[in-house]
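The values are calculated or read from the model by the stated rules, or taken from the named source; none is laboratory data. Nothing here was measured: the structure is a model prediction, and the numbers come from that model. We place every Cβ from the backbone using ideal geometry, glycine too, and count neighbours over all the protein chains shown.
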Amino acid sequence: MNKTIIGLLTIIWIITIFSFSLEPAEVSRQKSQRIRVQVNKVIAQNTVIAHKSPIQLKNVHIRKLAHVMEYTVLGVLLTLLFIGAVKQKAAVVLTVGTVVACIDESIQHFVPGRGPRFTDVLLDALGVLIGICCVRVYLAMSKKVRWEEG
């Protein structure tokens, strides 16, 4: 894929992440609640445990999973962006992703009802690492497939 397109997608994704952080606490809480209700319905419909109620996720679980997922996508995009461009790309991607996470959490300091959390930066960094791993696994598997086919 063209580096320009990946660069634009990366910028759009960072803006999207920041836009979530600019939402007031109540708006963000309501979104998490709506998602939680739907996820819990799916879990309840697909869980078969005799005499026990299914797992019930709380808003906090949805919010923390959202951090990891947002930054997994960022990790994938940054890894694709830096492939062949810099040495030690995993370290560069992790650093850039963590800087974005720090800016993201800092933004929340100025939003009513919200505030920065160091644990969220750690979850974001974990997401970036997962994104890096996803790209590396994909590339390793695609090389193996090409080698086996050739």
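What residue, of Val60, Val73, Val42, is modelled with pLDDT under 85, within 16 Å of Asp124 (Cβ to Cβ) and either part of a helix (DSSP H, G or I) or touching a Leu at 6+ places or on another chain (Cβ under 9 Å) (or both)?
The conditions single out Val60.
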**Study point:** Residue ID - modelled with the highest pLDDT, chosen from residues in segment 103-114 that are of a type outside the set (D, E, K, R) and touching a helix residue (DSSP H, G or I) at 6+ places or on another chain (Cβ under 6 Å)
**Key:** Ile107
Point to revise | Pair list, Cβ under 6 Å, 6 or more apart: segment 5-26 residue at pLDDT below 95, other residue of a type in the set (Ser, Thr, Tyr) and assigned to a helix (DSSP H, G or I) | key: none
Review point. Taking segment 73-94 as the region of interest, how many residues are within 15 Å of the chain's Cα centre (by Cα) and without any contact (Cβ under 8 Å) to a residue 40 or more places away in the chain?
Key: 2
Practice item. Check off (1) modelled with pLDDT under 95; (2) assigned to a helix (DSSP H, G or I) for Asp124 and give me the number that stays unchecked. Key: (1)
